[in-house]
Structure formats: C-alpha cells, structure tokens
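So the structure is just underneath, and the comments pick up after that.
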C-alpha cells in the first residue's frame with residue numbers, strides 16, 4: 001500500500017501517544033504533521049480520487065492510533081486535574097492535524113466531516129468533572145457515535161479515579177442497553193474496530209496499584 005511507508009515512519013510517534021513524554025513534548029505532533037507534509041509532495045501527482053483515498057487513510061490511521069492508546073489503558077485512575085491536562089493536549093493535537101488536513105482536502109474539492117472530531121468529543125468526555133453526570137454523558141457520546149464499541153466506552157469511562165472498574169462496566173452496559181446499537185457509518189465502524197487496545201504485560205502490572213488505591217478511595221467516599 002502507498003500508506004505503508006508513512007505509517008512506518010510514524011511508528012515511534014504513534015507509540016508515544018498519551019504517554020508522559022507526549023504530554024510534555026510538542027515535537028511528537030510536530031513530527032507527525034511535518035511527515036504528512038513531506039509525503040504530500042509525492043501524493044500530489046496522483047489522480048484526485050487516489051489522492052483523497054490516501055489522505056483519508058492517513059487521517060483514519062492517525063485518529064485510530066490515539067483511540068488505540070486510550071483502549072490500551074495508558075491512562076488509568078486519573079484525577080481531574082491530570083485529565084484536563086491530557087484533554088488539552090489532545091485538543092491541541094486535533095487543532096494541529098486539522099491545520100494540515102483541511103487545506104489538503106479543500107484543494108482537492110473534498111468535503112467530509114473530520115475524523116478528528118471524534119478526538120475532540122473524547123477530550124470533552126475526559127474533562128467531565130461531575131461523576132453524577134457520567135450516565136448522561138456516556139449516553140450522549142454513544143448517541144453521537146453509535147459505532148463506538150462497548151469495550152472502548154468502558155475503557156474511556158474507567159480512566160477516572162472516582163469510579164471503580166465495576167461501576168464503569170455497569171454504567172457502560174446500562175447505556176448500551178438504553179441507546180441500543182445503531183451502526184451507521186462504515187468508516188467510524190472501522191475506526192473503532194482499529195482501537196483494539198492490546199496491552200503489554202508491564203502495563204497490566206503497572207495498573208494494579210492505582211486500581212487498588214482507587215477501589216479503597218471510592219469505597220471510603222461512598223460510606
């Protein structure tokens with residue numbers, strides 16, 4: 001595939017998404033954007049329909065990598081202040097990606113909703129402060145993106161430090177039953193299927209202590 005080479009070049013950047021390094025290093029998103037610019041010099045000679053397809057493929061892959069980083073549980077038991085910082089970094093990356101992609105699509109006379117809008121919605125959900133609003137916000141997110149998988153929605157909810165994993169699971173299951181499954185957009189179906197979230201053993205071990213601490217903290221708060 002024509003996209004394989006750029007994905008290979010961006011592999012290290014993808015691997016760092018949502019890490020501590022990503023939060024403090026703007027060079028990661030800058031490298032992604034500059035790499036897209038460099039490859040665009042090769043793509044601009046292609047037929048319009050092929051050119052559009054390649055750009056859409058690249059956009060899909062990049063957004064999927066952010067979602068996959070969430071699904072891989074790189075964020076665990078995260079308190080509100082840190083969640084806000086993560087969401088802000090995510091929004092900054094979305095803005096940078098839109099600055100790159102929007103003019104490229106415009107010059108090709110191609111109009112479609114930016115896939116990066118998914119990341120903005122995720123960022124807004126991550127920033128939610130009021131635990132009591134969780135059920136409504138999960139339902140709202142699911143109505144907006146019915147293609148979202150139950151497992152991804154659970155992982156996104158389970159980022160918080162004020163709910164246990166069992167509570168996150170119950171909230172997610174309740175919303176899935178309430179909203180139902182109405183898959184409409186094949187691109188979004190593919191996007192969420194790409195966010196498999198395969199965790200390394202080291203990440204699973206790393207999650208144990210903060211999860212135990214969260215369980216105790218939430219238990220005390222509920223007494």
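Could you figure out which of (1) within 20 Å of the chain's Cα centre (by Cα); (2) under 21 Å from residue 79 (Cβ atoms) isn't true of residue 150?
Unmet condition: (2).
So which helices (runs of 4 or more DSSP H) are wholly in region 74-187 and hold at least 1 residues that are free of Cβ contacts under 8 Å to residues at least 24 places away in the same chain and touching a strand residue (DSSP E or B) at 6+ places or on another chain (Cβ under 9 Å)?
Working: elements: 80-107, 117-126, 134-144, 150-157, 165-179.
So the answer is 165-179.
Quick check on region 177-198: of everything there that is at pLDDT below 80 and exposed (fewer than 15 other Cβ atoms within 10 Å of the Cβ), which residue is nearest to the chain's Cα centre (by Cα)?
198
Where residues in region 87-115 are closer than 23 Å to residue 20 by Cβ and touching a helix residue (DSSP H, G or I) at 6+ places or on another chain (Cβ under 6 Å), which of them is surrounded by the most Cβ atoms within 10 Å (Cβ to Cβ)? Before the answer, list the steps.
From region 87-115, those closer than 23 Å to residue 20 by Cβ are 87-97; that's our starting set.
Okay, now just the ones that are also touching a helix residue (DSSP H, G or I) at 6+ places or on another chain (Cβ under 6 Å), so 87, 89-91, 93-94, 96.
Details: 87: 19, 89: 19, 90: 24, 91: 17, 93: 22, 94: 21, 96: 16.
Result: 90.
Taking residue 60, is it modelled with pLDDT under 95 and buried (at least 17 other Cβ atoms within 10 Å of the Cβ)?
Numbers: modelled with pLDDT under 95: no; buried (at least 17 other Cβ atoms within 10 Å of the Cβ): yes.
No; evaluated as a whole, the condition is false for this residue.
Name the one entry in 67, 18 that is in a helix (DSSP H, G or I) and in contact (Cβ under 8 Å) with a residue 24 or more places away in the chain.
Numbers: 18 fails: in a helix (DSSP H, G or I).
Exactly one of 67, 18 is in a helix (DSSP H, G or I) and in contact (Cβ under 8 Å) with a residue 24 or more places away in the chain, namely 67.
The values are calculated or read from the model by the stated rules, or taken from the named source; none is laboratory data. Note that the coordinates shown come from a computational prediction; the quantities given were computed from them, not determined experimentally. Ideal geometry is used to build each Cβ from the backbone, glycine not excepted, and the neighbour counts take in all protein chains shown.
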